[in-house]
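Below: one structure, written as structure tokens.
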Amino acid sequence: MGLSSASTATEAIKLCIFDLRRGQQEGQELDKILFFFPADLPFSTQLSVIGLSEGLITFTRIFSPEAACELIEAERHSHVFYEAEPDIWMVMIVEKNESEAIWRIAALQKVLKEVHSLFLMFHGSIRALLEKEPAGGLIRAHLHPFMMDYLRACQKWSPLDNCCWDFLFGKKLLLPSFRDCLKECGTVQMLNVSREAAIEVQSLVRLLESCAGSSPCYSLILFQDLLVSTTLSPVDTINLFTYAVLRLTPRTISSGVSSWSYLRKGSTGSSVTAGYTLAHSASVPDQYYCLPDTSPSGDNNYHVVRPLKRDRWSKAKDGFLVTDIWSAEAGSSTSATPTIWLQQTEERMYLCAYQFRSLTLILVVPVASILNGEQLVSLVKQQVLENASLKMLKVEEKLSKGWGGENAYHVSGYRYLLVDVDRNVSRASPPGKVTTLTKDQVLRTVIVKGPKVGRLFPLQFSIPKVVSLACTTTANVNEVWHKKF
Amino acid sequence: MSGKASSSQSSVGLSGPGGLSHVYIQYPPLQCEISGSRGLFYDDGNKLLLSPTLDQVFSWKTMPFSPLVAPTSDTISEGPILSIRYSLDAKLIAIQRSNREIQFWHRETGETFSQSCRSESESILGFFWTDCPLCDIVFVKTSGLDLFAYNSESKSLHLVETRKLNVCWYAYTHESRLVLLASGMQCKTFNGFQLSSAGIIRLPRFEMAMAKPEANSKPVLAAEDIYIITVYGRIYCLQVDRVAMLLHSYRFYRDAVVQQGSLPIYSSRIAVSVVDNVLLVHQVDAKVIILYDIFADSRAPISAPLPLLLRGLRRFNSSASRSGREDIESSEANVVSGNETITYGDEWIFLVPDLICDVASKCLWKIHLDLEASSAIAASSSEMPSVLEFLQRRKLEANKAKQLCLAIVRTIILEHRPVPMVARAMDILVTNYSHSIKTGSYLKGIKSEKTSPSTVPHVSSPSAVAEVTASRVGALEKSVQHEFAAGVDSELFNRSSTLLSSDSEDNAISEPQKTNSSDIHFFYGKVDGENLMGAETSSTDVQPTSLQHQLLGPSNNALNANAPEQQEAQLTSPAISPDQMYSFIFAPIEEEMVGDPSYLVAIIIEFLHSANSEKVKVHPNLYVLTIQLLARYERYAELGLYVINKIVEPSKEVALQLLESGRQNIQTRKLGLDMLRQLSLHHDYVLFLVQDGYYLEALRYARKYKVNTVRPSLFLEAAFASNDSQHLAAVLRFFSDFIPGFQSTSDHNTYYRILNEMNSSIAA
């Protein structure tokens, strides 16, 4: 377990994905590795990490075939395991630092789960891609940019929130702490609406769905970065919501549109990373990491869609959000309609997003096998513009009236994260609040009574052990907050 | 309900050359044949048809209209009669004997007196009684108005006031209390007075527009070209412009007269009637009627011009009894009957508002509006929501209008018309309902129905009621015919000798013709089916009997169907309450609809939207239905949103449905439990907790909220089922501690023994 050795002390976090069914022969161990971060670690180190994980998994499976290893707590590291798909494991290794932050294991697992869910949504399962090309080039070509984009995605968020959440800090991957912001992975944040507005919204939802004609389509409506309405299944709602908050909300869009220079800066940033990866790729055989990102014109063996890439969505004149991410050719100007996979129904769907002021509508239309999909989508778009624009205006007006400022839905003076595990709904104090409070202010105070569903229970923080962000702290938060019945 | 009339009528539409009609007159008319009659007069103040003979005057009440009404007679003296009117209290008869003298008759005592012009230069154009507090009778003379008050003691008139004006001719209707006095060379300058119970209002002088046929010719406006009509409580004057072939309309306000636009006319002779606030313009030469609903600004006709239909003329004219109320209608009835009924003959005089007097054959017809037909015709040409609006404004046959509205809404939903359109329809219905609640007309209708079913306070004539009844019976029976073998048909046919089932006979006859149907007919057929369904769900006693009755006998049926119908027919407003929306629209549709419920949910949302904006409360069953729909298609995410956002308002019914639907979805079930607790339905909450196996939580909750209505054995059973002796012991202990005397109950003994066994088995 050389992980604690001084040489890797600077690596706060390692993240790997491997397939237990591969590379079982002597000498082919490298086949197992589907993704490893940081990529510049020598293979021997990578293999030793994976070997340890694999060993533990095999060992624990003897006792618990269904759910094998979840966690290794070493003296200086925590290894978090997540079996994303049968025999495909994601392992995150987090260094325990001297400060008080003890990562909440469940939260770390949720990060892994979130990445995987997003991957599923855009690319389908890892196993399917592996079966498509057993050599593994395809999956690696997909996984690497996707994972890197995801890590950068989080980084992108933070400057706007005034808190530094930098997954990728130089070489280092740092996890944000509760100080930075409050968030629970795998939940959605809902906007509270009045009955009147809710009826208006539902009326709009019905109208939108009727725009797609007879085909069953779904919709998701966000106001700012809060969810207003959904007709998707809970799983898909969470995925699409996560993506929308990362890439589609007015905040993320406007930043992309408003400043071209910013985009440039972003791309130079990525080329820096590219250079960095390239520098190390000397030690990495080419077939393992084919990065279209790093070599845009070069050895582009696979066409890889990178949905998490930053600043690629913009608002067209008609209000619809467009992107070139899904373009058939890397350089072509025609932008294809984005597609996603729904987990619930395992259907391939077109993704249409429309934005009107703070309101973001996401329409998910099935990829019909008969009709020309692109035509269908443009038809739907036209229908939406014709029929629903008035209603959208109304809804936006109603919601903004109930909105009233950045922190209006927030219990002022406190910092909190409230999670309803039944409904996968969370409610956090707004990010702007975060840095203004010190830890002392949040101790042992009843801060809110009665969340949405009418469940009445006092909410309190038991110990200074803090609040959960994506990945922090104590394990029993939910129990404290959710005195069931 | 619309069933019968429509079917029989459309069959006529196919067979007869007259085609479809939206306006009809009902056979038989009121016969006013009196030997020695010296003309017919209509007294619109008392709504009497008067026929004077040499020394008597016969009067028929036309309100409520009934062809069987017997005349009353009064003795008068001989002499010429230019005009005759009863006083409003019906104590006096005033007879204009010449253009200088009016004679008065005291009906009880037979005393007479007369009043004549003073000056030689003036002559009396006419007179009318008024309920104005100042005076009782007004003489219209060429020199102006003379207002007289009647002194009952001195039995004479005394002059109260004179209004000096030059008058060529005048127009007056009692309905509007408005007298228009024409003056000027062309008789197109008008002075108006309204002599209402509130006093006398003088309208500003105004001129009517007249097109000139040539540059220097000046047409003179005739009295026949002016119609004063009252629509929706507003007073209009319609003026025929023969040159321009236009019907100009003017609306009277207290201090202004405003021209409202013009309607085209297609006949040199026209007449105007108002039925239930719908303006009927008879194009006499073309023998067609155009309907206008001048409520909104639109001057478009409701429907295409269609002929007047003579309805109910029996083939066997000998039996002129009232029982033959339906159905063999034919616009060419005049040919068949040999009776001298010729529609739009020269002898027809149109009386305001809705009567036709046939001077030649001495009969009086009442004009009816066929709501089914007119709405169907309107539906074919215009937008459905405007048809609904039209129907919602009908007062005379409120129940029929209401049923039609329900049928229309059901149809458009079943046909999956676009949501915005249905939304507009919902909006119209809800707005109208809330309006009628505010003005009280809806409640009034209900109340009068309950308190005084015998008095018939409003206008609906008994014939209309009877007709509605018949139509419903017809619809029911007809539909049953569809289901039964043809033998039943013949049986019905045989029974036709009895009076009550005469309409079913007609149905049987019209049935074969129904088969070669047109588009419009198809629409009807649909309405029929739905109506039947509505009847089933609404009046439960109608539905089962109608079936039985096919076998038992017809008389019974008519009676049964009558009972609920008669009450409903007395509604004064066609407004539809949310409860009725649920039970007549959503509930039946839900049964019929197949496939994806999202359309119906969308409609419900639109309905809730309208109801919310009008602050109208919605029946909890509608929420229950919504939940069922969503749960059936496993759209739990939306269901959750609906509950959380309180789109579905919390109630016990809703909570129970959530619990029921939540059997497949735990989150939904929890929503139901939460709702129960929020509503403080502690007993149910505890019960469901126990059912779900959370018996310890249930106990805690029961203790906290002092719920002692749940049987202890339930908790004990649940604890026993969990097979945990500690829990069972705890529950036993709980009851022993908190329920006095529990230790002596059989429950305690049973479970105490069980507990001991459990413990001993563990020990062993």
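The values are calculated or read from the model by the stated rules, or taken from the named source; none is laboratory data. Fair warning: this is a prediction, and the values are worked out from it, not measured in the lab. Positions of Cβ are backbone-derived with ideal geometry, glycine not excepted, and every protein chain shown enters the neighbour counts. To get the accessible areas, we keep the full protein, side chains included, count just its heavy atoms, and leave off ligands, DNA and RNA. Shrake-Rupley method; radii C 1.70, N 1.55, O 1.52, S 1.80 Å.
Structure notes:
- Label-point separation, B:GLN628 to B:SER713 (7 Å along Cα→Cβ), nm: 3.3 nm
- Which listed pairs, of B:LYS91/B:LYS366; A:LYS113/A:LYS183; A:LYS398/B:LYS652; B:LYS188/B:LYS287; B:LYS646/B:LYS704; A:LYS317/A:LYS394, have C-alpha distances above 25 Å, in listed order: B:LYS91/B:LYS366; A:LYS398/B:LYS652; B:LYS188/B:LYS287; B:LYS646/B:LYS704
- Local electrostatic count at B:VAL422 - Lys and Arg +1, Asp and Glu -1, tallied over other residues with Cβ under 13 Å: 0
- Once the Cα-Cα distance is subtracted from the 0.36 nm per residue extended length, the B:GLN726 to B:ARG205 segment shows a gain of 177.7 nm.
- With the convex hull constructed from alpha-carbon coordinates only, segment B:153-233 shows a mean projected area of 7.6 nm² over all directions.
- Shielding value for A:188-196 is 3, the average number of Cβ atoms from other chains within 10 Å of each residue's Cβ.
- Placing R0 at 45 angstrom, the Cβ-Cβ distance between B:LYS646 and B:ALA70 gives a FRET efficiency of 0.10 after rounding to 0.05.
- Sites A:GLU131 and B:ILE666 - FRET efficiency at Förster radius 41 Å, r taken between beta-carbons, to 0.05: 0.75
- Interface B:A - total buried accessible surface [probe 1.4 Å, Å², rounded to 100]: 2800 Å²
- Peptide-level mean, for B:629-640, of C-beta atoms on other protein chains within 10 Å: 3
- Estimated distance in nm for a label pair at B:PHE738 and B:GLU592, the labels positioned 7 Å out from Cα along Cα-to-Cβ: 5.3 nm
- Protection proxy ranking of A:235-241, B:120-126, by the mean of other Cβ atoms within 10 Å over each peptide's residues and highest first, is A:235-241, B:120-126.
- Ellipsoid semi-axes in whole angstrom, largest first, where each is sqrt(5λ) of the Cα gyration tensor of segment B:622-764: 36, 16, 10
- Two-decimal ratio, segment B:81-190, of alpha-carbon radius of gyration to 2.2 N^0.38 Å: 1.05
- Overall form of segment B:65-117 per C-alpha gyration tensor (a/c, 1.5; a/b vs b/c): prolate
- Point-to-point label distance, B:LEU414-B:THR53, nm (Cα→Cβ direction, 7 Å offset): 5.7 nm
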